[in-house]
Amino acid sequence: MRVARFAHQDRIGFGVVDEDALVELTGDPILGSWDTTGQRIPLAEARLLAPVIPRSKVVAVGRNYAKHAAELGNDVPTQPLVFFKPNTSVVGPGDAIVLPPESESIHFEGEVALVIGRVARRLTPEDALDAVFGVTVANDVTARDLQQREGQWARAKGFDTFCPLGPAIETEPDWSSLRVITRVDGEVRQDGVSSDWIFDVPAVLTWITAAMTLLPGDVVLMGTPEGVGPLAAGQTVEVEVPGVGTLRNPVVAHA
């Protein structure tokens, strides 16, 4: 099942994607609101938003594909390498990625994103997947020059608009074959599969929740495959996870 957050006329709501329409829900499904209002809203009349605004945090996993670590000259980590992106970096489908003047090298990083569905603390590998509401599509936009120069990644990963999410959340993903494809102006730049993750979902969630509590609506980014590269104003970047959707964002210069 795919669920989306949308704007229609004068309201924002949640709906189940049913072919070319949204079946409107009475509330946030992450919080258990699955009753419907009885309304079907044509997708063509709605504007899809980021499917979730993280309640507290976005936790991301760095270098979770061996070939991506190698392309940037980094060693493959022996344990999950995690960092944060602020929830203020989140934007939705169609929203612009704004290139900040503080950086001269902004890169795309297409990723699979986990949306957490319950309070999760000290998960075990056996119960980790039960804490996941579903998966969506993400772009972990990165100021590469700042990341390399500053050593820590908070500013490089945390600019406004640096975490596009959407277009929907798939609540029943096929964990064995999640694929992420990134295109810039229609040209494929990245193509990776979940079987190439160094650390799978149970390993990542066990590692994270040993240190911190994940809350419903928090987002975990699972890392990017090889092929990252720069973005320029005027381009359009698309990240597709087949079966989940395609996240498309234009790139603009800071005003």
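The values are calculated or read from the model by the stated rules, or taken from the named source; none is laboratory data. Because the structure is a prediction, the values reported are computed rather than measured. Quick reminder, even Gly has a Cβ in these numbers, built from the backbone with ideal geometry, and neighbours come from all protein chains shown. Ligands, DNA and RNA are stripped out before the accessible areas are found, and what is left, the full protein with its side chains, is counted by its heavy atoms. Shrake-Rupley method; radii C 1.70, N 1.55, O 1.52, S 1.80 Å.
Taken together, the criteria place Ile106 among residues that are farther than 18 Å from Val180 by Cβ and buried (at least 18 other Cβ atoms within 10 Å of the Cβ). A single member of Gly245, Gly151, Gly186, Gly166 is open to solvent by 40 Å² or more (accessible area, probe 1.4 Å) and either more than 25 Å from Leu81 (Cβ to Cβ) or in contact with a Cys (Cβ under 8 Å, 6 or more places away or on another chain) (or both), and it is Gly186.
Just so you know, in the stretch 1-23 the residues that are touching a Gly at 6+ places or on another chain (Cβ under 8 Å) and surrounded by 20 or more Cβ atoms within 10 Å (Cβ to Cβ) include one that is farthest from Thr161 (Cα to Cα), and it is Leu22. Look at the stretch 170-189: where a residue is farther than 15 Å from Gly223 by Cα and a partner is among the acidic types (Asp, Glu) and assigned to a strand (DSSP E or B), sitting 6+ places away or on another chain with Cβ atoms under 7 Å, you get Arg183/Glu238. If the condition is being out of contact with any Lys or Arg (no Cβ under 7 Å at 6 or more places or on another chain) and touching a residue at least 24 places away in the same chain (Cβ under 8 Å), then the stretch 201-211 contributes Val201, Pro202, Ala203, Val204, Leu205, Thr206, Trp207, Ile208. Out of all the residues in the stretch 73-97, which are part of a loop (DSSP other than H, G, I, E, B), open to solvent by 10 Å² or more (accessible area, probe 1.4 Å) and touching a residue at least 40 places away in the same chain (Cβ under 8 Å)? Passing the criteria: Val76, Pro77, Gln79, Pro80, Pro86, Pro93, Gly94, Asp95, Ala96.
Of the residues contained in the stretch 9-30, none is found to be farther than 17 Å from Glu170 by Cβ and in a helix (DSSP H, G or I). Please work out which residue is nearest to Pro164 (Cα to Cα), limiting yourself to the stretch 28-42 and to residues that are among the hydrophobic types (A, V, I, L, M, F, W, C) and out of contact with any strand residue (DSSP E or B) (no Cβ under 6 Å at 6 or more places or on another chain). Restricting to residues being among the hydrophobic types (A, V, I, L, M, F, W, C) and out of contact with any strand residue (DSSP E or B) (no Cβ under 6 Å at 6 or more places or on another chain), the top hit is Leu31.
On the basis of being modelled with pLDDT of 95 or more and part of a helix (DSSP H, G or I), does Ala44 make the cut?
yes
If you go through the stretch 177-198 and keep only what is more than 14 Å from Lys67 (Cα to Cα), within 18 Å of the chain's Cα centre (by Cα) and either of a type in the set (D, E, K, R) or modelled with pLDDT of 95 or more (or both), you end up with Leu178, Arg179, Val180, Ile181, Thr182, Arg183, Val184. In this structure, is Thr209 polar (S, T, N, Q) and surrounded by fewer than 19 Cβ atoms within 10 Å (Cβ to Cβ)? Here the answer is no, as Thr209 does not meet what is asked. Within the stretch 24-53, being in contact (Cβ under 8 Å) with a residue 24 or more places away in the chain, buried (at least 17 other Cβ atoms within 10 Å of the Cβ) and of a type in the set (Asp, Glu) holds for no residue. Condition test on Ala60, is it among the small types (Gly, Ala, Ser), modelled with pLDDT of 95 or more and either part of a loop (DSSP other than H, G, I, E, B) or closer than 20 Å to Ala138 by Cα (or both)? The answer is yes for Ala60. Is it the case that Thr161 is polar (S, T, N, Q), out of contact with any Cys (no Cβ under 8 Å at 6 or more places or on another chain), closer than 24 Å to Gln235 by Cβ and open to solvent by less than 10 Å² (accessible area, probe 1.4 Å)? No. Looking only at the stretch 82-120, residues that are within 20 Å of Gly229 (Cα to Cα) and of a type in the set (S, T, N, Q) come to 3 in all.
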